[in-house]
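A quick write-up on the structure given underneath.
The values are calculated or read from the model by the stated rules, or taken from the named source; none is laboratory data. As the structure is a computational prediction, the values presented were derived from the model and not from experiment. Here the Cβ positions follow ideal geometry from the backbone for every residue, glycine too, while neighbour counts run over all protein chains shown. Heads up: the accessible areas ignore ligands, DNA and RNA and are worked out on the full protein's heavy atoms, side chains in. Shrake-Rupley method; radii C 1.70, N 1.55, O 1.52, S 1.80 Å.
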Amino acid sequence: MIKIYELISKFLHFLINVLFVLQIIIMIVVFLTASYWFFDLLNSDIFSFAEPLAASISDFVRLFYDREVQAGGVYVDGSLLLFDIIAIVVVFLIAKSKYYIYLAIDSVNIAIKECKAQIEEKFNLELQKEAEMNIKKANNVAVLVRFTAKNMLIDATWGGDTGDGVKEKEDEAFKTFYSSIKNFTGCKFAKTDDKMLILINDFNKVDNLLSFIEVSVNKISTEMRKQKWLLYANIAVDVYDNKINFKTGVYPVLERLLSINHKNEPLCLGNFTIRYKLQPNSAFTPFVKGRYNLGEEYEVWVLVKKN
C-alpha cells in the first residue's frame, strides 16, 4: 500500500511541476501578446518580433470569436484581448488547482506516515512476542529460604546467652516448614546448612509456591511468638532455564540475595521481575528495593503480596 501511495505522491509532484511550467509559459505568452497588442495600437514596432505569435493566436481565436472591439472610435481586433483574458483566467485556475493538489499531497503523506506507523507497530509487536517467547523459555524457579530465630527474653538489659537454643529453634522451624511445604506438588527440596532450597520446573506455579511459603512462615512465626521466640525468614527467588549451570549461575545469586537480610518478603533480580511481569493475574507486585553490590552491582527487587 505504501508503494501505491508513494507512486501517487510522485505523480502529484510531477503534475505540480508541469502546471508550474505551464503557468510560466502562459504568463510569458500573455505578456508578449498583450504588449504587442498595446504597442500596435500606438503604432509602435517595439514588440514586432512577437507578431508571428500574435498572428497565430489571433487566427486560432477567430475560429471561435470573430468580432472587433471599438476603442476611441477605432475598431481593433479583439481576439488577442480575449485570449489574454482567458489565459489569465486559466492561470488563476491553475494556481487554485495547485493549491488542491498540494492538499492532496499532504493527505497522501499522512496516509504514508500512518501506514509506516502501522507497519512499525506490527513489527514491534512481533519483536515483543518473540522477546516474550524467549523470556518464557526460562521456566524453572529456585527459592532459597533461611530462618533466623531470636529469644525475646534475652537482650542486653536482662543478660543471657543470645545464641542459647537458637540452632534448635531454627531446626524446629525448618522441620515444621518442610512438613508443610512438602505437600506442595511438583517441588524438589534440598537442605544445606541453615538454608532450604526449593525447586519447581513450572513458572506458572510460582505465585502459589510463594503464597504457600508466606502462609507457612507466618504460621510458624505466630506459634513461636507464643513461646517468646521471634522467627524471621529471608527468602530469595530466581528464574532460570535448562541451559544455565545451576551451581554456578543460580545458587550463588540466591545466596547473595539472602545476604541483604531482608525479612519475610522474597527478593529477586531484574531477570525474574521481567519474567514475572508476563504472568497474568500475578499475586505479588515487584518494587525496587535498591542497588546492591552482589559481586557486581545489581538492582534488587522485593515481591510484595497484593491485598
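Quick notes on this structure:
- Surface exposure of the chain, expressed per residue as accessible area with a 1.4 Å probe, stands at 63 Å².
- Cα gyration tensor shape of region 132-288, rounded if a/c is under 1.5, else prolate or oblate by comparing a/b with b/c: prolate
- Per-residue accessible area (protein heavy atoms, 1.4 Å probe) orders Tyr36, Tyr102, Tyr292 as Tyr102, Tyr292, Tyr36, starting from the largest.
- Surface composition of the chain: carbon plus sulfur atoms contribute 59% of the solvent-accessible area (1.4 Å probe, protein chains only, all chains present).
- Listed residue pairs exceeding 29 Å between alpha carbons, taken from Lys129/Lys263; Lys205/Lys289; Lys122/Lys243; Lys122/Lys247: Lys129/Lys263; Lys122/Lys243; Lys122/Lys247
- Where labels lie 7 Å past Cα in the beta-carbon direction, separation of Thr148 and Ile25 in nm: 9.2
- Ordering of 15-21, 81-87 by packing is 81-87, 15-21, highest average first (other Cβ atoms within 10 Å, averaged per residue).
- Additional length obtainable on full extension of the chain from Ala190 to Glu126, 0.36 nm per residue less Cα span: 19.0 nm
- Here Lys96 is the anchor, and the aspartates and glutamates within straight C-alpha reach of less than 18 Å, apart from those fewer than 8 places off in the same chain, are Asp106.
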